[in-house]
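J.: Let me begin by handing over the structure; questions about it come next.
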Amino acid sequence: MRQLIRSFISGGIVLLAVANSVFGQWTAQAYVKDLYYRSHAEFRDSAYVVVYLNGVQQQPLISWYYKWQLSNSLSGPWNDMTGGFGYGPAYARINPDANIGSQYYYRVYVTGPGFAVLSNSVGAYMPGPSQQVNFYAQENNGTSLSSVTISHFTNPDWMWGVEGQSAPSFFLQQGTGDSPEAMRIVPNFLSDINYGFNNWSGNDGTALYQDYFTLNNISSGLTQIISYYNPADGNETIATSVVDAGGANGGTVQIKDPWLVDTSDPQFYTPPYGYHNLGMNAPFKSEPSPLQLTTSSKYNGVFLNQNPDPNNPQKPYYSASAPLIQNINGYTAFFAGWTSSPANSASFQNASATTTPVVFNSSGATVIAQ
């Protein structure tokens, strides 16, 4: 959910109330989190407070009392929302859709044995209007998948879709805002059937190629997005071959795999989305030759027939690379070109270049750097 959350400041100093007691100095910091639409008529958020003594966070006690207040203005008036012992560090609120575009503010009084403190005022903005988008996960042949989870980032948590729908249904904010809507699907690879995430496709022409994505401008025409999982083939190899040494194999090869999720490489980790594939921003990975692209390897096999689209540079495709000169089993090998075995089992955009897009045309293809 795009959301505008502010802890209001004056002169660069957070308006945080301070209370002194025989124990020291108490402060209370309020926050707002998880702003999202649950339906067109139901916008939700949560406020919570953290209490500090002499700058050290304190664990809430059952004897503490919380009185939450709400206002449409920093200057008030402030209206009491709820109060209670022990259970009051957090407060959730459902807001009517009629208040789209409104700004509102929370604060809370916290009292306990020997102290009483008022938190800062924290504001939230109710964006809108919302757009209902149904999400589906399918095999590329149209078969529905039930073993994946599609979720929506509401900051800082991930929420599942509305229950009781024929498909996970999310209410996303239309138009632009302070931050984009973020979605993700997990897991990226289904090892029981050897299918892997390939792309998202929206009914308005939206095409996305990472298992998580963000949208900064959601059109009113976007009502459905399908996440397609394609069959992964695990019988492909990338290898070297020294022709003048009887086809000696060794050294290194490189692959750029837009669907790779490498949990050993921090490049593939983005908070809060976790590990994910990088699409065409994926780095080349250097591997010993021969590199066998099995479904049990970190590459989870390959997708066949992933052809580059000159009109869509973001549409993913594989690339292979090999050093111009390298030592292979004691031989100084000079790169001469790419070939495939069996013949035509793979295609190259430029077979004479050390780095080239490659298409695996059929199962069992071996891509060879000679």
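The values are calculated or read from the model by the stated rules, or taken from the named source; none is laboratory data. Please read these numbers as outputs of a predicted model, since none were measured by experiment. No Cβ is skipped: glycine too gets one built from the backbone with ideal geometry, and neighbour counts run over all protein chains shown.
J.: Pairs under 9 Å by beta carbon, first residue part of a loop (DSSP other than H, G, I, E, B) in region 62-73, partner of a type in the set (Gly, Ala, Ser), six or more apart or different chains?
T.: Qualifying pairs under 9 Å: 62/86; 63/86; 63/112; 64/86; 64/88; 64/112; 72/102.
J.: A further question on this structure: Just checking, which of 279, 301 is within 29 Å of the chain's Cα centre (by Cα), among the small types (Gly, Ala, Ser), surrounded by 15 or more Cβ atoms within 10 Å (Cβ to Cβ) and over 22 Å from residue 252 (Cβ atoms)?
T.: Just a single option satisfies the conditions, and that option is 279.
J.: Being at pLDDT 70 or above, of a type outside the set (S, T, N, Q) and surrounded by 12 or more Cβ atoms within 10 Å (Cβ to Cβ) is the filter here; which residues of region 86-109 pass it? Lay out the reasoning, then the answer.
T.: First, the residues of region 86-109 that are at pLDDT 70 or above: 88-95, 100-109.
Narrowing further to those that are of a type outside the set (S, T, N, Q): 88-94, 100-101, 104-109.
Listed by number, the residues that qualify are 88, 89, 90, 91, 93, 100, 104, 105, 106, 107, 108, 109.
J.: Still on this model: What are the residues in region 315-334 that are touching a residue at least 40 places away in the same chain (Cβ under 8 Å), closer than 17 Å to residue 356 by Cα and part of a loop (DSSP other than H, G, I, E, B), if any?
T.: 315, 316, 317, 322, 323
J.: In region 128-215, which strands (runs of 3 or more DSSP E) lie fully inside it and hold 3 or more residues that are modelled with pLDDT of 85 or more and either closer than 22 Å to residue 32 by Cα or touching a Cys at 6+ places or on another chain (Cβ under 6 Å) (or both)? Lay out the reasoning, then the answer.
T.: Working: elements: 130-139, 149-153, 158-160, 169-173, 181-186, 195-202, 212-215.
Filter on region 128-215 gives 149-153, 169-173, 181-186.
J.: So which residues in region 223-268 are over 21 Å from residue 140 (Cβ atoms) and either in a loop (DSSP other than H, G, I, E, B) or basic (Lys, Arg) (or both)? Outline the logic, then answer.
T.: Residues of region 223-268 over 21 Å from residue 140 (Cβ atoms): 223, 237-256, 262-268.
Scanning region 223-268 gives 223, 241, 246, 247, 249, 250, 251, 256, 262, 263, 264, 265.
J.: Taking region 252-276 on its own, how many of its residues are among the aromatic types (Phe, Trp, Tyr) and exposed (fewer than 15 other Cβ atoms within 10 Å of the Cβ)?
T.: Residues that pass the stated criteria total 1.
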